[in-house]
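Report on the following structure.
The values are calculated or read from the model by the stated rules, or taken from the named source; none is laboratory data. Not measured: the values here are computed from a predicted model. Cβ placement follows ideal geometry from the backbone for every residue including glycine, while neighbour counts extend to all protein chains displayed.
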Amino acid sequence: MLGDTVDNDLLGKIEAAIPGMSRSDVKIAKLLLASPHAFIRSSVREIASEIGISEPTVVRFCRNVGCEGFKDLKFRITQELAVLQAQRDSTLPMPERRPPAAATAASGTGDAKIAPGEAYAAHLHARAVQAIDSALAEIDFRQLELAAGMLARARRVAIYGLGGSSAIMAEEMHNRLYRLGIASVFVGESYTQRMLAATLTAEDVAMFVSSTGRPRALQDSLDIAQYYGAQSIAITDNDSRLGRDVDVCLKVGLSQSGVNEFQPNPMRYSQLFVIDLLAFKVADTLGDKARQVLRQTRASVASLHGIAPQQPIGD
């Protein structure tokens, strides 16, 4: 039993505790340590089936290592893996410049160094994949289904976002919904946000996209919308006040430290992944209704640029 000593070295503590574990716990621990990334993408059922134990045994292991349950264990492991990656990527050194191609040819020497563009691309690609992996590990699919149902039934959806990427992602949520036949509006200015919130009813949904969940203006709009009976959804940190106060929160936490100072925050990829996942589920919930609206919207622009082969109807 690791108790409350679990911190950012949970994997190390689990490895050290193996000699005192039960036979079943040892199996789970070894599976986790062998491939933590695969572990956090798995369900309780998948893990239990893979090593031939019961699902309650997996949950009991999580508590034995100091976690509240399976979801908490995955969250802590995800955090630890992100920290370890951030430590490795805490600085992105300026790659050495390659000599001009003509100079290399003239000297008759080759140059095996990675080009600056290649180094930047590899770094950005790794952080983007990491952000999406973290979002996938943290998503609560029950909450996702609740949110999709709320949006599919809504008379109107008011979408809120402030600042940089969060406002852009909130507008993208609007972009995804209106083409499904859902009456939605995006507002990125605080005064208008408050006024719009006051027009909502119990048939409407107020939706928020926020990197931190801290802007006072968003909280004020949520309070007003809830006063008039509207339901609420947020894509944000569920430990923030905004995340706690909405009816449904789809967790997207802040990126770990270690992002290069010149690098756009990879959290955008997490937010966009959750938005696309939610839009996909809403469309699936609406079924034929969404399919018909998508066909109509596609047909409305086909005369402008023709029919593009392999272009998804939901694009």
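Which residue out of L151, L162, L146, L177 is hydrophobic (A, V, I, L, M, F, W, C), closer than 30 Å to F70 by Cβ and crowded, with 19+ Cβ neighbours inside 10 Å? Don't jump to the end; show me each part of the working.
Working: L162 fails: closer than 30 Å to F70 by Cβ; L146 fails: crowded, with 19+ Cβ neighbours inside 10 Å; L177 fails: closer than 30 Å to F70 by Cβ.
Criteria check complete, one pass: L151.
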| task | Hey, can you tell me all the residues within region 211-240 that are within 19 Å of D140 (Cβ to Cβ), under 19 Å from the mean Cα position of the chain (by Cα) and not hydroxyl-bearing (S, T, Y)? | result | G213, I233, A234, I235, D237, N238, D239
| Name the pairs: first residue in region 177-200 and on the phi > 0 side of the Ramachandran plot and in the same structural domain as A230 (by TED's automatic domain parsing), second residue among the aliphatic types (A, V, I, L, M) and outside any helix (DSSP H, G or I), Cβ to Cβ under 9 Å, at least 6 apart or on different chains? | none
| message | Kindly evaluate S255 against the criterion of being buried (at least 19 other Cβ atoms within 10 Å of the Cβ), at pLDDT below 70 and on the phi < 0 side of the Ramachandran plot. | response | yes
| Could we say that F208 is closer than 21 Å to A279 by Cα and more than 17 Å from the chain's Cα centre (by Cα) here? | no
| query | So, of the residues in region 34-54 that are touching a Phe, Trp or Tyr at 6+ places or on another chain (Cβ under 9 Å) and assigned to a helix (DSSP H, G or I), which turns out to be modelled with the lowest pLDDT? | reply | I40
| note | Turns out the helices (runs of 4 or more DSSP H) fully within region 59-142 with at least 2 residues that are more than 28 Å from L277 (Cβ to Cβ) and at pLDDT below 50 are 101-107
